[in-house]
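Colleague: Below you'll find the structure I mean.
The values are calculated or read from the model by the stated rules, or taken from the named source; none is laboratory data. Bear in mind that the values here come from a model prediction, so they are computed numbers and not experimental data. Cβ: placed from backbone, ideal geometry, glycine included. Neighbour counts: every protein chain shown.
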Amino acid sequence: MNHILSRAFLVFAGWGLIASCAVKQPSGPVASVEPVVVEADTVAEPQRPLTSHGPYRPAAERVMDLLHTKLNIKFDWAKQHLLGEATLTLKPYFYPQDSVVLDAKGFEIHKVTLLNGKTESPLPYKYDQEQLVLQLGKSYTRKDTLRVFISYTAKPNELKVKGSDAIVADKGLYFINPLGTEEDMPQQIWTQGETEASSAWFPTIDRPNERMTQDFYITVEDRFKTLSNGVLVSSQKQKNGFRTDHWRMTKSHAPYLAMMAIGEYAVVKDKWRNIEVSYWVEPEYAATAKATFGRTPEMMEFFSQKLGVPFPWEKYAQVVVRNFVSGAMENTTASTFMESLHQDRRQLLDKNWDHIIAHELFHQWFGDLVTTESWSNLPLNESFADYSEYLWAEHKYGADEAALVHQEALQQYLNEARTKQEPLIRYRYLDKEDMFDSHSYAKGGRVLHMLRKLVGDEAFFLSLNHYLTQHKYTAVEVDELRMSFEEVTGKDLKPFFDQWFLQPGHPVLDVTHSFSGGSLMISVSQVQDTTLSPVYAFPLTISFLENGEWQQKEVEITKANHTFNIAAAAAPQAVVLDPEQNLLANFNHQKTLEEWAAQFLNGKSYAAKSEALEYLREQNGPLVAQVVQQAMQDPFWKIRATALELLIGLELWQQPQMQQRVETMSVQDPNSTVRSTAMYALSTLTGLPEEVIRKGLRDSSYQVVAASIFAWNKSGKDVQAIKPYMTYKNADVVNALAASLTDAQENEVYDWYLANARRLRGADLYYFIQSLGAFLLKKDIDGQERGWQALVKIVQQENMPVVKQAGFQMLTYMAETEERKQALQNVLEQDEQLQEWVAGQNQ
């Protein structure tokens, strides 16, 4: 599962395109809610981070062993029901059993029998809409195998929907545009099993430590294609215009990894060694599918070589679906992706999705081949998938790109750690969905990076090989990972695993340095709250610039306070601790402006240069100007883009030659993010020539076009000139336009806002809602009505909580009549998640 949602709320292109307007308050209380402006990814920090103190969460007890699942499946699109017949092959795991307990959420049960050859006997059962308990009539031992048949109807839309930040809904089975009446929306069915939602569409033992093989017979109209786990064994046309596809999975995997995807797809075939690789996209994206997904075979080869374990399954498909409830999901042999991976040629110029593609692919080993035995051990799936993004960037795109991936993930965890600090392996969570956070993903990936640095590359990958080989097709806990590393390296790694996997928090280091009498003295103090976190032990690299040359010393931190004396011929120009950012820690290192500048001007690593730039962001003067000018020429695009952001606050920016240089970068820089950032910088100037912006509007990159629309609007020029871009579907361009057209009065603009309110999803829709609200609040009550209805529909249908909240907030601003207040109250009463959010805002 890709935890992309928290990344999705990065401010657009570094500055944000949310429309600015004076938002009027509603005339009175609305649904007992006082309006609160919703900000993405921001929370009020408590005085200290929280740690869960839930009950102990053991791995599920193995009572019955589910060996095989056979499903015959049909669909009622109008009712959004699945009509299923399940045949489950089971055996007692160890102790004799006279009953079977199955997870089955919200079903209508029609028939339950015990199969014995060609005969079947009715089985008495009890069913509470969550679990189906079958009474077998006698005890069976672990030497016995039994088959049960269940005829049922699954009704996912009648379930009480829950979810998490990573997986925003848990109803298991999703019908998209079931009646075919939604404009620009294909008809699709897809599933999402993690965490325990497969039991919303077939009866099973829905636990991660269960494994099964499967045969799925899926009957659909002949115009649809079907995708499932394993290989397509047969495809039989029926007389009534339908077709039954038989998908078989002969290698065992966990039930939450079972999947289906159904739609009118174009299937683009590829190959790795002798294994079929395929990309399932909507037909209009068939021509660009390989440009998006086509590095998959290279990834498969790279990971297979690194791990010494070839890709372990019989095929690998990747399918893009509409309205997905997460970023992506690693279903065995068939990963599912959100619709953002549908890209046209121009979108491909701005970004690739290699990180999420690598993430789901690496799960085929870590998560699918070897599976966490409990959600407490989820990092054994997600930490590895997160770290694969670094491994692939390092291999394919070089050290700087890998360092950027690493830095962003580290910051993601540190931001979350301000409000919560949990052990990486959490046996006392409050809700299993809480495990899907930046601890399990970003922190876990950084801990693996430290483990790699501790044991060395050869030992790291040999240990992973040993772990995968010893535990394939089984469920594992963290001690089995530790023991694999110990068996390969001969090291006692329990202290490392205890402090990094089993304790909450991270080191917070106060650092000072001074030079006297040929000695560089460095003091390091651990100042984290040791009532929550331990005093850590770890290796630390100290790097210092002496007469223009970098020197390096490795030390060991073993206690709360350390002072190190290092011989040096002269006072260092710069001192940098952990210059490669290998340590998961917060540093507070007091340095002079001159030292920060020297750290950048002589820096060798992206991490050290980036750290210096962030400090200098709040500074000014000639030395900062020197750093910024060098940074603008840096070979790495991220450094150049950051330099442009810093430039705006400097006196240097007032110089005509500097403005000309940035204008040149806005056209000629090879990286579209740098060009768009340059255009943003130019937009801060008064009297910017129109032709400069028009060059940006003609750029091949959507990102640059969007920045140019922003610049055009900010310069006060006639918005009529940018209306031709209303035909664009790219979300960056749409949001730039939406922020620029809030004063427009034409019906065509209103129609355009409403069309995009229907089409956009996720973070793109969040930003769009802000602009739509600004547009609507400039109209009278009657003029707002169509927009009011659009926002109500968003709140009722959107899965992502922050989008739902933003829509509801805008509705409160428009609820100026008793009728609207009552309508808003009705919306609130139908949505428990929204009620919880409103209650939190009113505290």
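Colleague: Within region 351-367, does at least one residue satisfy the condition of being within 30 Å of Leu760 (Cα to Cα), out of contact with any strand residue (DSSP E or B) (no Cβ under 9 Å at 6 or more places or on another chain) and not in a helix (DSSP H, G or I)?
Modeller: Keep residues of region 351-367 that are within 30 Å of Leu760 (Cα to Cα), which gives 351-363.
From what's left, out of contact with any strand residue (DSSP E or B) (no Cβ under 9 Å at 6 or more places or on another chain): 351-352, 354, 358, 362.
From the residues that got through so far, the ones that are not in a helix (DSSP H, G or I) too are 351-352.
Scanning region 351-367, I find at least one residue that is within 30 Å of Leu760 (Cα to Cα), out of contact with any strand residue (DSSP E or B) (no Cβ under 9 Å at 6 or more places or on another chain) and not in a helix (DSSP H, G or I), so the answer is yes.
Colleague: Do you know which residues across region 727-753 are under 15 Å from Leu777 (Cβ atoms), among the charged types (D, E, K, R) and touching a helix residue (DSSP H, G or I) at 6+ places or on another chain (Cβ under 6 Å)?
Modeller: none
Every residue, every condition in (1) in contact with a strand residue (DSSP E or B) (Cβ under 9 Å, 6 or more places away or on another chain); (2) farther than 26 Å from His506 by Cα, yes or no:
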residue: Leu577; (1), (2): yes, no
residue: Gln581; (1), (2): no, no
residue: Asn586; (1), (2): yes, no
residue: His589; (1), (2): yes, no
residue: Glu595; (1), (2): yes, yes
residue: Lys609; (1), (2): no, no
residue: Ala612; (1), (2): yes, no
residue: Leu616; (1), (2): no, no
residue: Asn620; (1), (2): no, yes
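Colleague: Okay, moving on. Residue by residue through region 36-88, note down the ones that are surrounded by 15 or more Cβ atoms within 10 Å (Cβ to Cβ), modelled with pLDDT under 95 and among the hydrophobic types (A, V, I, L, M, F, W, C).
Modeller: Those that are surrounded by 15 or more Cβ atoms within 10 Å (Cβ to Cβ), modelled with pLDDT under 95 and among the hydrophobic types (A, V, I, L, M, F, W, C): Val38, Ala40.
Colleague: In this structure, does Phe224 turn out to be free of Cβ contacts under 8 Å to residues at least 40 places away in the same chain and more than 30 Å from Ala60 (Cα to Cα)?
Modeller: no
Colleague: What are the residues in region 467-505 that are crowded, with 19+ Cβ neighbours inside 10 Å, in contact with a strand residue (DSSP E or B) (Cβ under 8 Å, 6 or more places away or on another chain) and not in a helix (DSSP H, G or I), if any?
Modeller: Those that are crowded, with 19+ Cβ neighbours inside 10 Å, in contact with a strand residue (DSSP E or B) (Cβ under 8 Å, 6 or more places away or on another chain) and not in a helix (DSSP H, G or I): Ala475, Val476.
Colleague: Provide a single number: the residues in region 553-589 that are outside any strand (DSSP E or B) and touching a residue at least 24 places away in the same chain (Cβ under 8 Å).
Modeller: Adding up the residues that qualify gives 16.
Colleague: Are any of the residues in region 550-569 surrounded by fewer than 13 Cβ atoms within 10 Å (Cβ to Cβ) and among the aliphatic types (A, V, I, L, M)?
Modeller: Yes, the conditions are met somewhere in region 550-569.
Colleague: For Glu284, are the conditions met, namely being surrounded by fewer than 15 Cβ atoms within 10 Å (Cβ to Cβ) and within 23 Å of the chain's Cα centre (by Cα)?
Modeller: no
Colleague: Then there's this: Regarding Ala402, is this residue surrounded by fewer than 24 Cβ atoms within 10 Å (Cβ to Cβ), farther than 17 Å from Asp165 by Cα, of a type in the set (Gly, Ala, Ser) and at pLDDT 95 or above?
Modeller: It is true that Ala402 is surrounded by fewer than 24 Cβ atoms within 10 Å (Cβ to Cβ), farther than 17 Å from Asp165 by Cα, of a type in the set (Gly, Ala, Ser) and at pLDDT 95 or above.
Colleague: Right, another one. Having 2 or more residues that are touching a helix residue (DSSP H, G or I) at 6+ places or on another chain (Cβ under 9 Å) is the bar; report the strands (runs of 3 or more DSSP E) wholly within region 41-116 that clear it. Before you say what the answer is, go through the steps one by one.
Modeller: Details: elements: 64-76, 81-92, 97-103, 107-116.
Output list reads 64-76, 81-92, 97-103.
Colleague: Okay, moving on. Does any residue of region 159-173 turn out to be within 22 Å of Lys70 (Cβ to Cβ) and touching a His at 6+ places or on another chain (Cβ under 7 Å)?
Modeller: Looking for residues that are within 22 Å of Lys70 (Cβ to Cβ) and touching a His at 6+ places or on another chain (Cβ under 7 Å), one finds none in region 159-173, hence no.
Colleague: Going by what's in this entry, would Gln236 be described as assigned to a strand (DSSP E or B) and touching a helix residue (DSSP H, G or I) at 6+ places or on another chain (Cβ under 6 Å)?
Modeller: For Gln236, the condition - assigned to a strand (DSSP E or B) and touching a helix residue (DSSP H, G or I) at 6+ places or on another chain (Cβ under 6 Å) - is not met.
Colleague: Looking only at region 398-421, which residues are part of a loop (DSSP other than H, G, I, E, B) and either in contact (Cβ under 8 Å) with a residue 12 or more places away in the chain or among the basic types (Lys, Arg) (or both)?
Modeller: Result: Arg418, Thr419, Gln421.
Colleague: Residues of region 430-460 being in a loop (DSSP other than H, G, I, E, B) and crowded, with 17+ Cβ neighbours inside 10 Å, which ones?
Modeller: Correct list: Phe436, Asp437, Ser438.
Colleague: Shifting gears a bit: Take region 291-307 and flag every residue that is under 22 Å from the mean Cα position of the chain (by Cα) and of a type in the set (Lys, Arg).
Modeller: Result: Arg295, single match.
Colleague: Next question, about the same structure. Just for region 203-250: of the residues that are in contact with a Lys or Arg (Cβ under 7 Å, 6 or more places away or on another chain) and of a type in the set (A, V, I, L, M, F, W, C), which one is farthest from Glu477 (Cα to Cα)?
Modeller: Looking at residues that are in contact with a Lys or Arg (Cβ under 7 Å, 6 or more places away or on another chain) and of a type in the set (A, V, I, L, M, F, W, C), I get Val220.
Colleague: Any chance you could count how many residues in region 726-756 are over 30 Å from the mean Cα position of the chain (by Cα), crowded, with 17+ Cβ neighbours inside 10 Å, not hydrophobic (A, V, I, L, M, F, W, C) and not in a loop (DSSP other than H, G, I, E, B)?
Modeller: 1
Colleague: Just checking, does region 422-435 include any residue being touching a strand residue (DSSP E or B) at 6+ places or on another chain (Cβ under 8 Å) and under 30 Å from Leu66 (Cα atoms)?
Modeller: No.
Results for (1) over 15 Å from Asp350 (Cβ atoms); (2) out of contact with any helix residue (DSSP H, G or I) (no Cβ under 6 Å at 6 or more places or on another chain), shown as yes or no for each residue.
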| position | (1), (2) |
| --- | --- |
| Leu644 | yes, no |
| Ile648 | yes, no |
| Gln660 | yes, yes |
| Gln668 | yes, yes |
| Thr677 | no, no |
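Colleague: Let me ask something additional. Checking Val524 against (1) touching a residue at least 60 places away in the same chain (Cβ under 8 Å); (2) over 17 Å from Pro379 (Cα atoms); (3) buried (at least 16 other Cβ atoms within 10 Å of the Cβ): exactly one of these is not met. Which one?
Modeller: Evaluating Val524 over (1) touching a residue at least 60 places away in the same chain (Cβ under 8 Å); (2) over 17 Å from Pro379 (Cα atoms); (3) buried (at least 16 other Cβ atoms within 10 Å of the Cβ) leaves (1) as the failure.
Colleague: Of the residues in region 604-640, how many are closer than 25 Å to Gln655 by Cβ, crowded, with 17+ Cβ neighbours inside 10 Å and of a type in the set (Gly, Ala, Ser)?
Modeller: 3
Colleague: Checking the conditions here, which among Ala197, Ala169 is in contact (Cβ under 8 Å) with a residue 24 or more places away in the chain and touching an Asp or Glu at 6+ places or on another chain (Cβ under 6 Å)?
Modeller: Ala197
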